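The block underneath contains the structure these notes are about, expressed in structure tokens.
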Amino acid sequence: MKNLKEELEKMTGKDVVLAMVRGLEKEHVKVDMTSFGISDEGVCFGCAATNAICEITESKFDLTNIDYRDKRSAYLKVGTRLLYSLEDALDSLRFGNINSYNRTIERLGFLNLLLPIPRMKLPYLTTGNYKENLIHYVNYANSI
């Protein structure tokens, strides 16, 4: 498993967007945009942030470590503040809220900021619409 903090330090904003897209395409955990990580009847669920983190670290959460943020941070070997804030930043990204993503990621001390979206609005990704809307995020990433 790759170190989350070290990987984030190397990433650009474009890399982060594409990691979220690839994570959702691969569905490291079953997509449920209402949760950062839960399990139910033996299945792990998580949102765009959960899948992006799995993609960045080349890891996969399981039933023993997905249900609580403190378990996820211990599994990833990062502080809970980093994980909490990163999940929030990635959640802002899937809402299409670049300003909120930038504020959160900057407070964490990372430089992988995203550019504002001139005349382009990113769709709000939901459990039911994310597959058809990922192309908008790819287009945005390729424009920065």
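Quick notes
- Given (i) 0.98; (ii) 0.94; (iii) 1.09, the label whose value is Rg/Rh (Cα atoms, Kirkwood Rh) derived from this model: (ii)
- Candidates GLU132, GLU25, GLU41: whichever shows maximal mean-square fluctuation once the chain is modelled as a Gaussian network with Cα springs under 10 Å: GLU41
- Choice from VAL43, VAL16, VAL78 showing the highest fluctuation, given a GNM over the chain with Cα pairs closer than 10 Å: VAL43
- Dividing the helix sum by the residues of the chain, where each DSSP H run of 4 or more adds -39500 (n - 2.57), gives a mean residue ellipticity at 222 nm of -16500 deg cm²/dmol.
- Cβ-placed point charges (K, R +1; D, E -1), dipole of the chain about Cα centre in debye, nearest 20: 420
- Given charges at Cβ of Lys, Arg, Asp, Glu: segment 14-109 dipole, positive-most of MET20, GLY109, THR57: GLY109
Laboratory data are not the source of any read-out in this text; all were calculated from the coordinates shown. Everything quoted here is computed from the prediction, not taken from an experiment. So basically every Cβ, Gly included, is an ideal-geometry build from the backbone, and we count neighbours across all protein chains shown.
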